[in-house]
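A quick write-up on the structure given underneath.
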Amino acid sequence: MPTQYTNKAAEALQGAQKLAADNGHPELVPAHLAVALLHAPEGVPAAVLQKLEVDPRVLSGELVLALDKL
């Protein structure tokens, strides 16, 4: 049975795959998905982080730096 995703989940996965491909990463890792989720406009993860007084842009930047080391 094929896996079915919501539109938002599919968009997040596509964004993560694009990020991995654009950076020449042969493997999709959780950090790719986290960055894609944080960049999603009106996304829940960024809103939750803001409620916790965490700047999603800072976290995203740290994740990108980690991805650059792959």
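Tabulated data for the structure shown
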{"item": "Whichever aspartates and glutamates have a C-alpha closer than 14 Å to that of K8, once near sequence neighbours (fewer than 8 apart) are set aside", "result": "E42"}
{"item": "Accessible area in square angstrom per residue, the chain, 1.4 angstrom probe", "result": "78 Å²"}
{"item": "Electrostatic dipole magnitude of the chain [Cβ: Lys, Arg +1; Asp, Glu -1; Cα centre; debye, to 20]", "result": "100 debye"}
{"item": "Within the accessible area of the chain (1.4 Å probe), percent carbon and sulfur", "result": "60 percent"}
{"item": "Mean Kyte hydropathy of -1.0 or more with a Cα span along the axis of at least 20 Å, helices from DSSP in the chain", "result": "7-22"}
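The values are calculated or read from the model by the stated rules, or taken from the named source; none is laboratory data. Treat the numbers as computed from the prediction; the structure is a model and nothing was measured. As a convention, Cβ positions derive from the backbone with ideal geometry for all residues, glycine included, and neighbour counts pool all protein chains shown. Just so you know, the surface numbers come from the protein's heavy atoms only, side chains and all, with ligands and any DNA or RNA stripped out. Shrake-Rupley method; radii C 1.70, N 1.55, O 1.52, S 1.80 Å.
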